[in-house]
């Protein structure tokens, strides 16, 4: 059994614990031995709700010393992430964090170096990579049936009334949501983003303080272009949380509704103003997939057990974080901005 400590016992923690309890392979592999929160009552209440016999505390260092965990699950607010992950890595634990990976690129680079120096894994929850829909789309793209990808387009339009801190956030859509879409697109494109032009607006009727809507155009090293159109204050006709997608290849196009609705067509002739098309079967997955948070946690645990790298390891995820920060810089300056993980 891998001994685990969970840090940050707020609303997200219930989802993590359900994933651990409801996934047999995780139940067999992970023992939760500690809960840490700035409010001890919050930690104790979480333990009681889930029937956990775990040490509860307000100081991570104390719990790390007493429990000596193999794993730390980091669910803290982003400003606290850097210190928590560094402390856990220094104590010899592998760490799986909620997104974003870090509050700045400097911090993200430092965490990559810290994980490498400690010989431990630091990975990030990017649960969109663990959905049946995206796995089926990726398998079709990888088969070459649509030729080479040339463009990828995402639409995200949801009227989300969260209340609370998001209503007052700057760059709320880009910072709090778009990284999921950017990361998923980057995984499908399979190349490094190189530059972005982004425009932010806060439309009439928006209940957010700033940046509820954004349009971004990314270039990638393999020549693929990606567009993202999004709004968190678009009432009516919501898209999926995972976006609506159009992916264009040299031989045809995939349309994906973000859920299980996937259609694909390729050109089937060389004559006519509009070339004839034929549908392409989108095959099902060869084996069942553990989806969402449970899938990311399971991938992380298997990587620890096997001495491998998980799909969402930090050295990969920093590129998605860089997309967000570059998009914000472009929106603030009105200029096309390079996407880079290097120091300026």
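The values are calculated or read from the model by the stated rules, or taken from the named source; none is laboratory data. Please read all numbers here as calculations on a predicted model, not as lab measurements. So basically every Cβ, Gly included, is an ideal-geometry build from the backbone, and we count neighbours across all protein chains shown.
Couple of notes before you dig in:
- Every residue from the range 306-334 that is more than 21 Å from the chain's Cα centre (by Cα) and either assigned by TED's automatic domain parsing to the domain that holds residue 177 or crowded, with 19+ Cβ neighbours inside 10 Å (or both): 330, 331, 332, 333, 334
- Residue within the range 221-229 that is free of Cβ contacts under 8 Å to residues at least 24 places away in the same chain, surrounded by 15 or more Cβ atoms within 10 Å (Cβ to Cβ) and part of a strand (DSSP E or B) present: no
- For residue 84, the test of being in contact with a helix residue (DSSP H, G or I) (Cβ under 7 Å, 6 or more places away or on another chain), in contact (Cβ under 8 Å) with a residue 60 or more places away in the chain, over 21 Å from residue 294 (Cβ atoms) and crowded, with 20+ Cβ neighbours inside 10 Å is passed.
- Residue 265 being surrounded by 15 or more Cβ atoms within 10 Å (Cβ to Cβ) and farther than 29 Å from residue 147 by Cα: no
- Filtered by the rule that a residue be under 28 Å from the mean Cα position of the chain (by Cα) and either modelled with pLDDT under 95 or outside the structural domain of residue 142 (by TED's automatic domain parsing) (or both), the range 262-280 gives no residues.
- The single condition among (1) in contact (Cβ under 8 Å) with a residue 60 or more places away in the chain; (2) out of contact with any helix residue (DSSP H, G or I) (no Cβ under 6 Å at 6 or more places or on another chain); (3) in a helix (DSSP H, G or I) that residue 20 does not satisfy is (2).
- One residue from 217, 277 being surrounded by fewer than 21 Cβ atoms within 10 Å (Cβ to Cβ), in contact with a strand residue (DSSP E or B) (Cβ under 6 Å, 6 or more places away or on another chain) and within 19 Å of residue 331 (Cβ to Cβ): 217
- Note on the range 24-142: enclosed helices (runs of 4 or more DSSP H) holding 3 or more residues that are touching a strand residue (DSSP E or B) at 6+ places or on another chain (Cβ under 8 Å) are 40-49, 60-67, 78-90, 105-118, 132-142.
- Remark: residue 342 falls outside the filter, which requires a residue to be surrounded by fewer than 19 Cβ atoms within 10 Å (Cβ to Cβ), part of a helix (DSSP H, G or I), in contact with a helix residue (DSSP H, G or I) (Cβ under 9 Å, 6 or more places away or on another chain) and at negative phi.
- Criterion: crowded, with 21+ Cβ neighbours inside 10 Å and touching a residue at least 24 places away in the same chain (Cβ under 8 Å) - qualifying residue of 29, 108, 90: 108
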